[in-house]
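What follows is a single structure, written as structure tokens, with notes after it.
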Amino acid sequence: MTRAALRIAVLLVAVVGGVAPVHAAESPAKAVADVMLAPESLAPACKPIKGEFGISIQARTHYALVETIGAPLFKPPVHKALQSFICDKAKSTIYYYEYASKADLNAAIGYTKGVIWGEGGRSEMHPEYIFPIENVLVVISSRDAEYFANAFFYGVPGEAGEIFSNALEPYGKKDYASAEAGFRAVTQKSPDLLLGHLYLGHCLFYQGKYADAIPEYERATSLAAAHGGLTQVNGRILSDQLGMAYALSGRLDDARKSFEATIKRDPDYPMSYYNLACTAAEQGDLDAAIANLKQGHARRQNVLPGEAFPDPRGDDSFKRYLDDAKFKAALAEMGY
């Protein structure tokens, strides 16, 4: 059963890279829709609601009059939008201002801060968080603005976002033992945080602790089913890793059921067929192994970015069949 070495890099891009931090390199102009928070990333702690609930009159006034109050000092935004949430009983609004260029935003940001914060800058009276994401200015009008800011910066909201960010450093260096401690702290701080369980599962998996990884992957799977919040790439990786964790722990029947369920949900992804073929081969079911291997090979162009469809001749799961006439014929049919 094959495990892809490039998956760590893929995960870091796919999970954390949704919204660029404020210190990111120059990139093409963005639209408001490109930077808006996905409601799923805050679930289940917060829910989207209709209406405007900026906590200060200054933030609400700025949004209402932004097209005129700064003229002729700077160009107005070409588009604006707002997004409101309720977390427990507290309501908050995030304002988005899309400027034609970063230069236009830079000309307006100082005035915006002055209008909303006043001369004293950000304070307890004016706790709005104001920051740019390329050419889009974001104003978080909330009594808990850092909670939402961490969701922008790290992909994880609240204090858990800071812990999560710290754990990513050893994870990126493949120091999985240190990263495990960090992500375990994330799951203790936020038990319903999907990404915490996902990354903790990966840390355990890459240390060879397959049985320990299973409950973390199962929890991530149930949270994803209930609330969403995973990209297609990471949903596919999660399904792969859970099934492989079952198989590598000796739970072949569970692995087979897991891969079969994934294929029903996502029939175009080739690795589910490949991993199901590996599992069937481990169980001695050569006909099922060959059938699924062919199905996966036919979809091999749909592998994840940076990966390639595995050569079954180098996989331990198929080793005992390399001299089998039926298996050799199937490999030849696939071009091996």
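The values are calculated or read from the model by the stated rules, or taken from the named source; none is laboratory data. For clarity, every value in this text was computed on a predicted model and none was experimentally measured. Here Cβ is always computed from backbone atoms with ideal geometry, including for glycine, and neighbour counts include all displayed protein chains.
If you go through segment 155-174 one residue at a time, do you hit one that is exposed (fewer than 15 other Cβ atoms within 10 Å of the Cβ) and assigned to a loop (DSSP other than H, G, I, E, B)? Yes: segment 155-174 contains one or more residues that are exposed (fewer than 15 other Cβ atoms within 10 Å of the Cβ) and assigned to a loop (DSSP other than H, G, I, E, B).
Checked against the criterion of being farther than 28 Å from A149 by Cβ, at pLDDT 90 or above and either touching a helix residue (DSSP H, G or I) at 6+ places or on another chain (Cβ under 6 Å) or part of a helix (DSSP H, G or I) (or both), segment 189-205 contains one or more residues that satisfy it.
Which pairs turn up if I take residues in segment 37-50 that are touching a residue at least 12 places away in the same chain (Cβ under 8 Å) and look for partners that are surrounded by 14 or more Cβ atoms within 10 Å (Cβ to Cβ) and of a type in the set (V, I, T) with beta carbon separation below 7 Å, at least 6 apart in sequence or on another chain? Partner pairs satisfying both residue conditions: L37/I94; C46/I86; K47/I86; I49/I86.
Evaluate the following for Y199: is it under 28 Å from D285 (Cα atoms) and crowded, with 23+ Cβ neighbours inside 10 Å? Criteria not met by Y199. If you go through segment 137-154 and keep only what is surrounded by 19 or more Cβ atoms within 10 Å (Cβ to Cβ), modelled with pLDDT of 85 or more and closer than 18 Å to F85 by Cβ, you end up with V138, V139, I140, S141, S142, A145, F148. Taking the condition part of a helix (DSSP H, G or I), within 17 Å of Y273 (Cα to Cα) and not small (G, A, S), does R219 pass? Answer is no for this residue. Taking I130 as the residue in question, decide whether it is of a type in the set (A, V, I, L, M) and modelled with pLDDT of 90 or more. So I130 fits the description; yes. Selection of segment 274-291 for residues being under 29 Å from the mean Cα position of the chain (by Cα) and either of a type in the set (V, I, T) or farther than 21 Å from F205 by Cβ (or both) yields only T279.
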